[in-house]
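First the structure, in the form of C-alpha coordinates, and then the observations on it.
The values are calculated or read from the model by the stated rules, or taken from the named source; none is laboratory data. Keep in mind that this is a model prediction, so the values were computed, not measured. Ideal geometry is used to build each Cβ from the backbone, glycine not excepted, and the neighbour counts take in all protein chains shown. Just the protein is used for accessible areas: all its heavy atoms, side chains included, with ligands, DNA and RNA removed. Shrake-Rupley method; radii C 1.70, N 1.55, O 1.52, S 1.80 Å.
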Amino acid sequence: MLLVLVLAFLLLPVVEIYVIIQVGQEIGAWPTIALLVAETLLGGWIVRREGRRAWRVLQETFGRGVMPDRELADAALVMIGGVLLLTPGFVTDVLGLAFVLPFTRPLVRRGLVRFAERRVRRMEARAAAYPPGIGGIGGLGDLRGGPFGPSRDGGREAGPEPSGPVVRGEVIHDEPADSAEGGGSPSRT
(Lines give C-alpha, C1' and ligand atoms only; values in the text may rest on other atoms or scores of the structure.)
Protein backbone atom coordinates (compact mmCIF):
# COMPACT_ATOMS: atom_id res chain seq x y z
CA MET A 1 0.00 0.00 0.00
CA LEU A 2 2.85 2.37 0.82
CA LEU A 3 4.42 1.67 -2.56
CA VAL A 4 1.12 2.46 -4.29
CA LEU A 5 0.87 5.80 -2.46
CA VAL A 6 4.47 6.73 -3.29
CA LEU A 7 3.97 5.84 -6.95
CA ALA A 8 0.71 7.82 -7.01
CA PHE A 9 2.41 10.91 -5.61
CA LEU A 10 5.26 10.54 -8.10
CA LEU A 11 3.24 9.62 -11.17
CA LEU A 12 0.19 11.83 -10.67
CA PRO A 13 2.01 15.12 -11.39
CA VAL A 14 3.55 13.61 -14.52
CA VAL A 15 0.13 12.40 -15.74
CA GLU A 16 -1.44 15.79 -14.90
CA ILE A 17 1.23 17.68 -16.87
CA TYR A 18 0.83 15.31 -19.81
CA VAL A 19 -2.97 15.72 -19.86
CA ILE A 20 -2.72 19.53 -19.52
CA ILE A 21 -0.26 19.64 -22.44
CA GLN A 22 -2.52 17.43 -24.57
CA VAL A 23 -5.58 19.56 -23.82
CA GLY A 24 -3.53 22.71 -24.44
CA GLN A 25 -2.47 21.43 -27.86
CA GLU A 26 -6.10 20.72 -28.78
CA ILE A 27 -7.80 23.90 -27.56
CA GLY A 28 -4.90 26.31 -26.95
CA ALA A 29 -3.02 27.57 -23.92
CA TRP A 30 -5.38 30.34 -22.76
CA PRO A 31 -8.56 28.28 -23.04
CA THR A 32 -6.82 25.47 -21.12
CA ILE A 33 -5.86 27.86 -18.32
CA ALA A 34 -9.39 29.30 -18.28
CA LEU A 35 -10.83 25.77 -18.10
CA LEU A 36 -8.55 24.90 -15.17
CA VAL A 37 -9.56 28.08 -13.32
CA ALA A 38 -13.25 27.46 -14.03
CA GLU A 39 -12.96 23.86 -12.77
CA THR A 40 -11.27 25.08 -9.59
CA LEU A 41 -13.98 27.70 -8.94
CA LEU A 42 -16.80 25.25 -9.70
CA GLY A 43 -15.10 22.61 -7.54
CA GLY A 44 -14.76 25.07 -4.66
CA TRP A 45 -18.46 25.91 -4.87
CA ILE A 46 -19.48 22.22 -4.96
CA VAL A 47 -17.18 21.35 -2.06
CA ARG A 48 -18.58 24.20 -0.01
CA ARG A 49 -22.18 23.13 -0.67
CA GLU A 50 -21.59 19.40 -0.14
CA GLY A 51 -19.33 20.03 2.85
CA ARG A 52 -22.09 22.00 4.58
CA ARG A 53 -24.60 19.27 3.76
CA ALA A 54 -22.27 16.53 5.07
CA TRP A 55 -21.61 18.54 8.24
CA ARG A 56 -25.34 19.09 8.84
CA VAL A 57 -26.14 15.39 8.37
CA LEU A 58 -23.24 14.45 10.66
CA GLN A 59 -24.54 16.78 13.40
CA GLU A 60 -28.08 15.41 13.03
CA THR A 61 -26.78 11.86 13.36
CA PHE A 62 -24.81 12.76 16.48
CA GLY A 63 -27.94 14.45 17.84
CA ARG A 64 -29.92 11.22 17.44
CA GLY A 65 -27.22 9.31 19.32
CA VAL A 66 -26.47 7.00 16.41
CA MET A 67 -22.96 5.96 15.31
CA PRO A 68 -22.36 8.07 12.16
CA ASP A 69 -20.43 5.56 10.04
CA ARG A 70 -21.75 6.57 6.64
CA GLU A 71 -21.85 10.24 7.55
CA LEU A 72 -18.22 10.27 8.70
CA ALA A 73 -17.18 8.51 5.51
CA ASP A 74 -19.10 11.06 3.43
CA ALA A 75 -17.51 13.98 5.28
CA ALA A 76 -14.05 12.48 4.75
CA LEU A 77 -14.74 11.89 1.04
CA VAL A 78 -15.95 15.48 0.60
CA MET A 79 -12.78 16.73 2.28
CA ILE A 80 -10.51 14.56 0.12
CA GLY A 81 -12.51 15.50 -2.98
CA GLY A 82 -12.13 19.17 -2.09
CA VAL A 83 -8.37 18.84 -1.89
CA LEU A 84 -8.34 17.07 -5.26
CA LEU A 85 -10.61 19.69 -6.84
CA LEU A 86 -8.45 22.56 -5.61
CA THR A 87 -5.33 20.89 -6.99
CA PRO A 88 -4.74 22.14 -10.54
CA GLY A 89 -5.24 19.47 -13.16
CA PHE A 90 -7.87 17.55 -15.04
CA VAL A 91 -7.25 14.07 -13.59
CA THR A 92 -7.46 15.27 -9.98
CA ASP A 93 -10.61 17.23 -10.86
CA VAL A 94 -12.32 14.12 -12.20
CA LEU A 95 -11.33 12.14 -9.09
CA GLY A 96 -12.37 15.02 -6.84
CA LEU A 97 -15.79 15.26 -8.50
CA ALA A 98 -16.29 11.51 -8.01
CA PHE A 99 -15.59 11.98 -4.29
CA VAL A 100 -17.77 15.09 -3.89
CA LEU A 101 -20.87 14.72 -6.06
CA PRO A 102 -23.82 13.25 -4.15
CA PHE A 103 -24.65 10.66 -6.82
CA THR A 104 -21.08 9.31 -7.24
CA ARG A 105 -19.94 9.53 -3.61
CA PRO A 106 -21.95 6.42 -2.50
CA LEU A 107 -20.27 4.40 -5.25
CA VAL A 108 -16.82 5.54 -4.15
CA ARG A 109 -17.72 4.89 -0.49
CA ARG A 110 -18.89 1.33 -1.27
CA GLY A 111 -15.72 0.65 -3.23
CA LEU A 112 -13.54 1.91 -0.39
CA VAL A 113 -15.50 -0.14 2.16
CA ARG A 114 -15.02 -3.30 0.08
CA PHE A 115 -11.32 -2.53 -0.28
CA ALA A 116 -10.98 -2.02 3.49
CA GLU A 117 -12.89 -5.24 4.23
CA ARG A 118 -10.57 -7.23 1.95
CA ARG A 119 -7.52 -5.69 3.66
CA VAL A 120 -8.88 -6.57 7.12
CA ARG A 121 -9.62 -10.16 6.06
CA ARG A 122 -6.12 -10.47 4.62
CA MET A 123 -4.57 -9.16 7.84
CA GLU A 124 -6.71 -11.53 9.93
CA ALA A 125 -5.59 -14.46 7.78
CA ARG A 126 -1.97 -13.41 8.25
CA ALA A 127 -2.44 -13.14 12.01
CA ALA A 128 -4.11 -16.56 12.15
CA ALA A 129 -1.09 -18.09 10.41
CA TYR A 130 1.08 -17.40 13.48
CA PRO A 131 1.09 -20.15 16.11
CA PRO A 132 0.01 -19.11 19.62
CA GLY A 133 2.77 -17.37 21.54
CA ILE A 134 4.75 -16.24 18.49
CA GLY A 135 3.23 -12.84 18.09
CA GLY A 136 1.31 -11.87 15.02
CA ILE A 137 -1.16 -9.05 15.42
CA GLY A 138 -1.62 -8.69 19.15
CA GLY A 139 -0.91 -12.39 19.51
CA LEU A 140 0.04 -13.03 23.11
CA GLY A 141 -0.87 -16.63 22.62
CA ASP A 142 -0.75 -19.00 25.58
CA LEU A 143 0.57 -17.00 28.52
CA ARG A 144 2.33 -20.01 30.03
CA GLY A 145 4.50 -20.56 26.95
CA GLY A 146 4.17 -17.17 25.30
CA PRO A 147 6.20 -14.00 25.60
CA PHE A 148 5.34 -13.52 29.30
CA GLY A 149 5.75 -17.12 30.42
CA PRO A 150 8.64 -19.17 31.84
CA SER A 151 10.39 -19.46 28.48
CA ARG A 152 11.07 -15.71 28.46
CA ASP A 153 12.03 -15.05 32.07
CA GLY A 154 15.80 -15.26 31.77
CA GLY A 155 16.14 -18.99 32.28
CA ARG A 156 14.60 -19.11 35.77
CA GLU A 157 12.67 -22.19 36.69
CA ALA A 158 8.93 -21.80 36.77
CA GLY A 159 7.26 -22.43 40.11
CA PRO A 160 3.99 -24.23 40.62
CA GLU A 161 1.06 -22.94 38.63
CA PRO A 162 -0.94 -20.35 40.59
CA SER A 163 -4.59 -21.11 41.26
CA GLY A 164 -6.02 -17.73 40.24
CA PRO A 165 -5.45 -14.89 37.81
CA VAL A 166 -1.83 -13.81 37.56
CA VAL A 167 -0.39 -10.44 36.66
CA ARG A 168 3.18 -10.90 35.50
CA GLY A 169 5.68 -8.10 35.98
CA GLU A 170 8.61 -6.85 38.05
CA VAL A 171 8.70 -6.21 41.76
CA ILE A 172 10.14 -2.84 42.74
CA HIS A 173 11.48 -2.52 46.31
CA ASP A 174 12.18 0.73 48.13
CA GLU A 175 15.65 0.73 49.65
CA PRO A 176 16.15 2.06 53.15
CA ALA A 177 17.05 5.78 53.52
CA ASP A 178 20.51 4.98 54.92
CA SER A 179 21.47 3.00 51.81
CA ALA A 180 24.72 3.95 50.09
CA GLU A 181 23.11 3.87 46.65
CA GLY A 182 21.16 7.08 46.71
CA GLY A 183 19.24 7.58 49.89
CA GLY A 184 15.94 5.84 49.49
CA SER A 185 15.25 6.12 45.78
CA PRO A 186 13.45 3.12 44.33
CA SER A 187 15.52 0.66 42.35
CA ARG A 188 14.68 -2.44 40.40
CA THR A 189 15.90 -5.75 41.68
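See the values below:
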item	result
Additional length obtainable on full extension of the chain from Thr104 to Gln59, 0.36 nm per residue less Cα span	14.0 nm
Region 46-105 - percent of accessible surface contributed by carbon and sulfur, probe 1.4 Å	69 percent
Amide hydrogen neighbours beyond the local backbone of Glu175, cut-off 5 Å, H modeled	Ser187
Counted charge near Met1, where neighbours are those whose Cβ lies closer than 13 Å (Asp, Glu -1; Lys, Arg +1)	+3
Length-normalised contact order of region 1-137 in % [C-alpha pairs under 8 Å, at least 6 apart]	21 percent
